[in-house]
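Report on the structure given below.
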Amino acid sequence: MRDFQFRVLRQRPIHHFIVDFYCPILQLVIEIDGDSHFTDEGQDYDIQRTSILEGYGLKIIRFTNNQVLNQFDSVCEQIQGLIPLP
């Protein structure tokens, strides 16, 4: 497992959105989705929001609350997989 340290900001405003987590050096947004994201309205909003954020050159990765709570190691490994090797 690679041991890198990057500053990750919580509840970061970007444009008129507030993202769950943001790593400026990696230009990475990490979203943790609860139940409201799985309604038709929530999914439509997330698609639009993701498109706008990607338009700023950001990479978006999403996890469910369940993944974070029950598969935390896997979540961390997926995030680490997005970190470029030095």
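The values are calculated or read from the model by the stated rules, or taken from the named source; none is laboratory data. Small disclaimer: the values here were computed from a predicted structure and weren't measured. Glycine also receives a Cβ, built like all others from the backbone with ideal geometry; neighbour counts cover every protein chain displayed.
Within region 15-55, the residues that satisfy the criterion of being within 17 Å of Gln78 (Cβ to Cβ) and either among the polar types (S, T, N, Q) or not in a strand (DSSP E or B) (or both) are Leu26, Gln27, Thr50. Residue check: Ile14 meets all listed conditions (1) at pLDDT 95 or above; (2) in contact with a strand residue (DSSP E or B) (Cβ under 7 Å, 6 or more places away or on another chain) but one, namely (1). Tallying residues that are under 14 Å from Tyr45 (Cβ atoms) and either in contact with a Leu (Cβ under 7 Å, 6 or more places away or on another chain) or surrounded by 12 or more Cβ atoms within 10 Å (Cβ to Cβ) (or both) within region 18-33 yields 3. Filtered by the rule that a residue be in a loop (DSSP other than H, G, I, E, B) and farther than 22 Å from Ile25 by Cα, region 56-74 gives a lone residue, Gln71. Go through region 32-86 and give me each residue that's aromatic (Phe, Trp, Tyr) and closer than 14 Å to Asp20 by Cβ. The one that is aromatic (Phe, Trp, Tyr) and closer than 14 Å to Asp20 by Cβ: Phe63. When Ile83, Ile61 are checked against the criterion of being surrounded by 14 or more Cβ atoms within 10 Å (Cβ to Cβ) and touching a residue at least 60 places away in the same chain (Cβ under 8 Å), a single residue qualifies: Ile83.
Quick check, is Arg12 part of a helix (DSSP H, G or I), surrounded by 15 or more Cβ atoms within 10 Å (Cβ to Cβ) and not hydroxyl-bearing (Ser, Thr, Tyr)? No.
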